[in-house]
Amino acid sequence: VSLPSVRAPADAPPPPSARADFRAQAAMPRARARAGAAGRDVGGCGTTQAASDEEIMKERRRKEAFQLADDVMRMVSWGMWALAMVWFFCFFSHAPELPAWNLAPADAILGLTACGIFCGSLSKAAPRGTWSRWRAAWHFAWVPAFGVMAVGCLLTASRKMPPGGVPRSYGHALVGVCAVGALAVALTCPAKHSPTPARETTFLWGRLLLVSDGALGLLGVIRALPGGLGAAWAEPLGPAALVLSVVPLAMWSFGTLLCRTDAELLAAAPAAFTLHAAAIGRSAYIEGVTATLPTCLTLAMHFALFLPLPAKEPDSNPFHVALRRSCRRFQKLMTDPVSGFGDEGGDFDFDG
């Protein structure tokens, strides 16, 4: 006896097994895409094959190593800010004044602040481990930089302080901070440069302007050295004042000279703005308002980076793109406070 077939209604939901099969088939293209993205070139002929589990884990460890290095650089930034505050509250009134040159006032507070701004911004410039080739060497250069600062602070702590001066224990504390910083940087420096560095910027005007800032910073370092090694060195706080003024400023200058991607240029610009503004205030206080005109013109050129230039391709200007993105985020925050700033990427999210 044949039983009549019973058809399910057209609007009836599919059985659980059919839904599971559909989800598995829908996930297959995504799995293939991930495998293709993690694939490697075979024989240099452009064909790829799916990466093995070992290669995937190796790539993950590589990205985690760069992420750890960025986290340590962020801690270096916090350390620079902390040293600037400690120097202001504990050492500033007793420290000797070093000679300055326009852009780079030879002051430990400004050098530490500018370097802290730069390190914090640079730590977010390559979130996927796409470091430029100079980043690993610059990262490791912090080991001798912290070593020089530790030696200067140790020499200061070994000197006899005048009555009412800074306690010698403060110098020992600075030595300990510098030693911890050197050890952290040495242990987290990536062994190899990134195999997929971000592409270089096409906005040459911004790069040339920041290269000139780095060069001026190095000139300020050179100008401060003779005075710091002369009469100021004989002061009780002379060695610490010299190393904490010169070394952070030199590290910022070298980093600014080497910046070559859009995100790196954006990371170097805020510190340059800070130093130019400080130079204007210093020139106005010591030499008068007329002496600030060249630095004011230079600062205006830096702010002009955010204009929609070049007119034919304003999207090639990373500064204008970042400003426009920040304005959109602010507008979205005002219209939709719940979503806030998390709907779009940061200022350093550039393709490539």
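So for the pair Ser52, Ser326, with labels modelled 7 Å out along Cα→Cβ, what separation do we get in nm?
4.8
Explain nothing, just compute: Karplus ³J(HN,Hα) = 6.51 cos²θ - 1.76 cosθ + 1.60, θ = phi - 60°, for every residue of region 300-308 in order, whole Hz, x for Gly and Pro.
In residue order, the calculated couplings are 5, 5, 5, 5, 5, 4, 8, 6, x Hz.
Let me check I have the definition right: for region 197-310, take the eigenvalues of the Cα gyration tensor, multiply each by 5, take square roots. What are those semi-axes in whole Å, largest first?
29, 19, 9
Calculate log10 I(q)/I(0) of region 186-255 for q = 0.18, 0.21, 0.23, 0.24 Å⁻¹, where I(q) comes from the Debye formula with a single equal point scatterer on each Cα and nothing for solvent.
-0.83, -0.92, -0.98, -1.01
How much length is gained on full extension from Ala304 to Ala179, taking 0.36 nm per residue of separation minus their Cα-Cα distance?
Between Ala304 and Ala179, full extension yields 40.9 nm more.
Using the Kirkwood radius over C-alpha pairs as Rh, can you work out the diffusion coefficient of region 247-334 via Stokes-Einstein at 4 °C, viscosity 1.567 mPa s, in µm² per second?
87
Is the shape of region 168-208 rounded, prolate or oblate, going by the alpha carbon gyration tensor and its root eigenvalues a ≥ b ≥ c, with a/c under 1.5 for rounded and a/b larger than b/c for prolate?
Oblate.
For Ala191 and Glu59, calculate 0.36 nm times their separation in residues minus their Cα-Cα distance, and state this gained length in nm to one decimal.
46.2 nm
Where Lys and Arg each count +1 and Asp and Glu each count -1, what net charge lies around Arg282 among other residues with Cβ under 14 Å from its Cβ?
Net charge around Arg282: -2.
Just to confirm a number: summing +1 for Lys and Arg and -1 for Asp and Glu over residues other than Ala114 whose beta-carbon lies under 13 angstrom from that of Ala114, what do you get?
Overall, the nearby charge balance is -2.
Work out how much length Phe88 to Val151 would gain on full extension: take 0.36 nm times their residue separation and subtract the Cα-Cα distance, in nm to one decimal.
Between Phe88 and Val151, full extension yields an extra 20.7 nm.
Label region 69-227 by shape, choosing from rounded, prolate and oblate, from the square roots a ≥ b ≥ c of the eigenvalues of the Cα gyration tensor; if a/c is under 1.5 it is rounded, and otherwise prolate applies when a/b is larger than b/c, oblate when it is not.
Here region 69-227 falls in the oblate category.
Pairs Lys124/Lys192; Lys58/Lys332; Lys192/Lys332; Lys58/Lys124; Lys192/Lys312: which are spaced more than 31 Å apart, C-alpha to C-alpha?
Lys58/Lys332; Lys192/Lys332; Lys192/Lys312
Highest first, please rank the peptides 251-258, 231-238 by the mean number of other Cβ atoms sitting within 10 Å of their residues.
Top of the packing list down: 251-258, 231-238.
Bear in mind these aren't lab numbers, they're just calculated from the coordinates by the rules spelled out. This structure is a prediction, so every number in the text was calculated from the model and none was measured. As a convention, Cβ positions derive from the backbone with ideal geometry for all residues, glycine included, and neighbour counts pool all protein chains shown.
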